[in-house]
Amino acid sequence: MSDMMARLFGTNGVRGVVNKDLTADLALRLGKAIGSFFKGDVAVAMDTRDSKDMILSAVAAGMMSVGANVINLGVTPSPALQYYVASHNIAGGVIITASHNPPQFNGIKCVGPTGRELIRADEEKIEGFFSKDMKCCQWDSVGTMSSYASATEDHVNAVLKHVDADAVRKAKLTVIMDCANGASFISAPLLLKRLGVKAIILNGDPRGIPERPSEPTEENLGELISLVKSKKADIGIAHDGDADRTAFVSDGGRFVGGDEGLSIIAKYALSKKKGPVVTPVSSSSMVDDVVMKAGGTMIRTAVGTPTVTKVMLDNKAIFGGEEGGMIFPEHQLCRDGAMTAAKMLECIAKEGPLSKQISKLPVYHIIKRKIDCPDDLKDPLLKFLKDANKGAKADMTDGLKLIYADGWVLARPSGTEPKFRVYSESKNKDVALKRSDETVSKAIEFVKRASN
């Protein structure tokens, strides 16, 4: 995060290694900038990382020093904070989380009065305050801090209003839930109890260093997959650290890719109401196939929830999402892990076993890789790849997406860590792998040369 003075915010807020990139001093100054931007009551919440109290305290102190009042929700899932902000008519919210990043990271993410993540123009305004000499308010105008303990329960109750809970109860489902020792340790068991399923909870105690890595990928969910098999469960559900993303394991113990889950719920949503579905350029062509067949229309965007939600709002989309982070506009315009879990349970209760639904999806092979790439080499690497593929059919919506008759390759810089991502997809696995190898090799060689 060496260019932090130039640009603070990445794809999902400000993130960095604690006490290296993301220090208490930076958090305090950023808190002053956030408080100066919002100018009103601001809710704050955090996930379970060890650094949560230090970062939240510094941000809160900065906001109060410029006159903002802080409402502390404590350890709370990101979508629960977003629901609180939207339903309480306050200026905005801040969640202290690094989501799926390793435990040495933390982050600061802002949401506006509607609960949606801030658009880039608003982040730039905060960066503008950050870059100036911010003066504290007078002693008699200093903000206050209060606490609110029911945000998680309020959010669960809101989710249940949009789910056919009776259908889920009647299905008598067995569910294995992996909370990642994160912010869903209260909300996930509560939701499953209200839905009347037989639930087994994994990693349900909050801790700064989780039992398994926070990102709910197949390689990180071995215990969940094994339990789904041994208990003959109907589904396994896994959250990331702040519970805005959800991954699934089908009956029989098969990991369900993020695009598969997105496709299944998009198809179910379109069976109730026709309209646009929004997803980034990084999502599988499988989503397009399913949406078109179900009578919907597809809109592709740049990667990042703020962009996806804005396009959803502008186009009155009925559903959207990316990488296991699904967005249900009838509930709220943000990634919501609890809503995603509940809606998938409803989908199974009404449409049958998840394994059978997956078997009906078109088959694509997508290979997702990331390489180490310092932040200052991200733009040069992207330019290099563009120059190396001049003349090819390309989509520049986000990074470089090369379009072929039998697939595509997407190369784009990560907005959350010093990495560069390369996705390659084709119905032919060997073709997807060959293109992935070629692009990754070129990228690694460029970074090596540029680093010397």
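Read the figures in this text as sums done on the coordinates, not as results from a lab. Keep in mind that this is a model prediction, so the values were computed, not measured. All Cβ positions, glycine included, derive from the backbone under ideal geometry; neighbour counts span all protein chains shown.
One table, with the values for the structure above:
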{"quantity": "Long pairs among 172/231; 52/125; 272/368; 272/360; 125/383; 161/272, criterion Cα-Cα beyond 22 Å", "calculated": "52/125; 272/368; 125/383"}
{"quantity": "Percent of beta bridges antiparallel (DSSP, the stretch 14-149, rounded to nearest 5)", "calculated": "40"}
{"quantity": "Size of charge dipole - the stretch 14-149 - debye, nearest 20, with Cβ of Lys, Arg +1 and Asp, Glu -1, no other charges", "calculated": "120"}
{"quantity": "Distance violations [Cα-Cα > 22 Å] among 39/135; 310/370; 109/401; 109/132; 229/356; 267/419", "calculated": "310/370; 109/401; 267/419"}
{"quantity": "All lysines inside 16 Å of residue 274 as judged from Cα atoms, apart from same-chain residues fewer than 8 positions distant", "calculated": "293, 316"}
{"quantity": "15 Å Cα-Cα reach of residue 427 towards aspartates and glutamates, excluding residues that sit fewer than 8 places from it in its own chain", "calculated": "259, 260, 288, 289, 406"}
{"quantity": "Tensor-based shape of the stretch 57-178 (alpha-carbon gyration tensor, a/c under 1.5 rounded, otherwise prolate or oblate)", "calculated": "prolate"}
{"quantity": "Fully extended contour minus Cα-Cα distance, from residue 356 to residue 437, at 0.36 nm per residue", "calculated": "25.9 nm"}
{"quantity": "Selection from 63, 235, 136, by position along the positive dipole direction of the chain (Cβ)", "calculated": "235"}
{"quantity": "Residue 404-residue 150 FRET efficiency (beta carbon distance; Förster radius 35 Å; 0.05 resolution)", "calculated": "0.10"}
{"quantity": "Cα-projected label distance for residue 226 with residue 293, points at 7 Å along beta-carbon direction, nm", "calculated": "3.5"}
{"quantity": "Over the chain: helical MRE at 222 nm, DSSP H runs n ≥ 4 each giving -39500 (n - 2.57), nearest 500", "calculated": "-12000 deg cm²/dmol"}
{"quantity": "Share, in percent, of DSSP beta bridges within the chain that are antiparallel, nearest 5", "calculated": "60"}
{"quantity": "Dipole in debye (nearest 20) - the stretch 162-234, about Cα centre, beta carbon charges: Lys, Arg +1; Asp, Glu -1", "calculated": "480"}
{"quantity": "The stretch 392-436 - convex hull of alpha carbons, volume per residue in Å³", "calculated": "75"}
{"quantity": "Under 5 Å, built H, 5+ apart or other chain: amide partners of residue 49", "calculated": "none"}
{"quantity": "Positive-end residue of 184, 327, 374, charge dipole of the chain with Cβ unit charges", "calculated": "327"}
{"quantity": "Cα gyration tensor shape for the chain, rounded if a/c is under 1.5, else prolate or oblate", "calculated": "oblate"}
{"quantity": "Size of electric dipole in the chain: Cβ of Lys, Arg +1 and of Asp, Glu -1, about Cα centre, debye, nearest 20", "calculated": "1040"}
{"quantity": "By average C-beta atoms within 10 angstrom, highest first, the peptides 306-315, 341-350", "calculated": "341-350, 306-315"}
{"quantity": "Pairwise FRET efficiency - residue 20 versus residue 138, Cβ, R0 = 30 Å, nearest 0.05", "calculated": "0.30"}
{"quantity": "Lys/Arg +1, Asp/Glu -1 at C-beta; the chain dipole; positive extreme among 415, 54, 167", "calculated": "167"}
{"quantity": "Förster-model FRET efficiency, 41 Å R0, residue 445 and residue 89, C-beta, rounded to 0.05", "calculated": "0.15"}
